[in-house]
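Here's the structure, in structure tokens; my notes come after.
The values are calculated or read from the model by the stated rules, or taken from the named source; none is laboratory data. Please read these numbers as outputs of a predicted model, since none were measured by experiment. Reconstructed Cβ throughout: ideal geometry from the backbone, glycine too, with neighbour counts over all protein chains shown. We work out accessible area using only protein heavy atoms, side chains counted, and drop any ligands, DNA or RNA first. Shrake-Rupley method; radii C 1.70, N 1.55, O 1.52, S 1.80 Å.
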Amino acid sequence: MLIQNSFYNSVIQSLSNSIISTVGKKFALNIFYNLAIILSVFGLVWCYNNHKYLPAGFLVGTTACLFYFKYQLTKDIRKSFKEKDQK
């Protein structure tokens with residue numbers, strides 16, 4: 001199980017390194033995550049006010065995923081800045 005998780009983590013890490021390699025792209029991705037979180041929260045409030053609970057559940061999951069991705073991106077940015085400061 002641990003080998004499988006480390007394999008998936010290495011594949012995801014290599015994909016994210018090749019796709020998101022510069023600070024500008026990371027900054028733009030951070031802005032996208034912020035806007036998506038805001039829109040998800042607005043959609044969640046709208047669904048709650050109109051008694052649409054199934055889409056509200058989907059938006060809760062979407063918002064949670066976006067927060068997780070934003071947290072991972074923030075950790076990655078901090079790590080890259082620490083590596084730059086050491087050099």
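Observations on the model:
- Matching residues, segment 52-76, being open to solvent by 40 Å² or more (accessible area, probe 1.4 Å), closer than 19 Å to PHE32 by Cα and in contact with a Phe, Trp or Tyr (Cβ under 9 Å, 6 or more places away or on another chain): PHE67, PHE69, LYS70
- Subset of segment 31-51 that is surrounded by 15 or more Cβ atoms within 10 Å (Cβ to Cβ) and hydroxyl-bearing (Ser, Thr, Tyr) - its residue that is farthest from the chain's Cα centre (by Cα): SER40
- Take the conditions (1) open to solvent by 100 Å² or more (accessible area, probe 1.4 Å); (2) more than 20 Å from THR22 (Cα to Cα); LYS79 misses just one of them, which is (2).
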